[in-house]
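The values are calculated or read from the model by the stated rules, or taken from the named source; none is laboratory data. The shown structure was predicted, so the numbers you read here are calculated from the model rather than taken from an experiment. With ideal geometry, Cβ positions are generated from the backbone for all residues, glycine too; neighbour counts draw on all protein chains shown.
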Amino acid sequence: MKNIISIRDLSKTDILKILNRAEKMQEVLQKKNAEEIYPDKILGALFFEPSTRTKLSFKAAMKRLGGRVIGISDVKKSSVAKGESFGDTIKVIAKYVDIVAMRHPLEGSARYASELVDIPIINGGDGANQHPTQTLLDLYAIKKFEGGIEEKEIALIGDLRHARTMRSLAYALSKFGAKIKLVSPKSLKMSREVVKEIKEKYSPEFEEITDLKKGIKGSDAIYVCRIQEERFKDPYEAKKLQETYQISLDLLEKYGKSDLSVLHPLPKLNEIGPKVDGSDYAKYYEQASFGIPVRMAIIDLLLGGRK
Ligand code: NCD
């Protein structure tokens, strides 16, 4: 494994290798001896789009491995603001660091970067396209909370059209043979191209529905995301949709299995009712904590593979 660009590039075996290594990283974290692993390595964190969890957990993961971090998070303070091309930026930064974690609004930007430089590139989100490291931590969470991924019934609920988290996760779940329900308003259905590719390649058990209740009923886990307002041409349209798709505690109690897990990549807005946070359904905060061992495992695999 040279880079992590798209979940489509990873086989089930690759994914399991990362998840198993993340388990080991959790043990290493408890023993507190992880910082001896990469004392001489530097991670470049290049975030050309807003990020909290992905950026900070990559930085924390590198530091937990004993490495150091440099980066760009305010584009206005970098030479990009002077008009420097992304290609030039990445070619030079690749001479300063050993590995890059990046986020960029343009679809395909991480793949492009990986073609320009020799060091490992990790895609922390490229526009509406892919967010493979989020998916890896989502799979890790599903395994932990549900005891496995295969055969589980999982509903992806929300803005399936624009959310890269949903797109990546749909590919991954189909590779594992999970039962997938795609739940969204009609105007936010997952791209036809993606659906077609997933069906042709993996023939998953697959349902596309608009009714929230049906999405919740019978599911082992539901994975919810916010309406991705920044990718709408008309912000009013996004606001309108935000009001129609909300998961309340009431809805979960009425239609959900008693041990249903509610997952979310975060940030969440009002798509999850405030009472859900304190309930046993809410697994999203613990899910977010898995960002550290999973990203440690990814860095370790990419750097270790080069020794
Ligand atoms: C997601 C993203 O950036 O795609 N956030 C994350 O990385 N945890 C989800 C989102 O912004 O809705």
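Of the residues Ala282, Ala288, the single one that is touching a strand residue (DSSP E or B) at 6+ places or on another chain (Cβ under 8 Å) and surrounded by fewer than 21 Cβ atoms within 10 Å (Cβ to Cβ) is Ala282. Sub-6 Å Cβ pairs linking a first residue in region 219-241 that is within 22 Å of Gln134 (Cα to Cα) to a second residue that is more than 16 Å from the ligand (Cβ to nearest atom) and among the hydroxyl-bearing types (Ser, Thr, Tyr), at least 6 apart or interchain, are Ala221/Ser261, ordered by first then second residue.
Within region 162-184, the only residue that satisfies the criterion of being in contact with a Lys or Arg (Cβ under 6 Å, 6 or more places away or on another chain), within 16 Å of the ligand (Cβ to nearest atom) and of a type outside the set (Ser, Thr, Tyr) is His162.
Please verify whether region 143-150 includes one or more residues that are without any contact (Cβ under 8 Å) to a residue 40 or more places away in the chain, under 15 Å from Leu260 (Cα atoms) and of a type in the set (A, V, I, L, M, F, W, C). Yes, there is a match, as at least one residue in region 143-150 is without any contact (Cβ under 8 Å) to a residue 40 or more places away in the chain, under 15 Å from Leu260 (Cα atoms) and of a type in the set (A, V, I, L, M, F, W, C).
For region 8-15, indicate whether the set of residues that are under 24 Å from Gln287 (Cα atoms), surrounded by 15 or more Cβ atoms within 10 Å (Cβ to Cβ) and in contact with an Asp or Glu (Cβ under 9 Å, 6 or more places away or on another chain) is non-empty. Yes, region 8-15 has at least one match.
Selection of region 208-239 for residues being of a type in the set (D, E, K, R), loosely packed, with under 14 Cβ neighbours inside 10 Å and either in contact with a helix residue (DSSP H, G or I) (Cβ under 6 Å, 6 or more places away or on another chain) or more than 15 Å from Lys186 (Cα to Cα) (or both) yields Lys213, Glu230, Lys233, Asp234, Lys239. The residues on offer are Leu106, Leu65, Leu116, Leu43, and the sole one that is out of contact with any Asp or Glu (no Cβ under 6 Å at 6 or more places or on another chain), aliphatic (A, V, I, L, M) and within 28 Å of Gly148 (Cα to Cα) is Leu65.
Met1 satisfies every condition listed in (1) at pLDDT 95 or above; (2) assigned to a loop (DSSP other than H, G, I, E, B) except (1).
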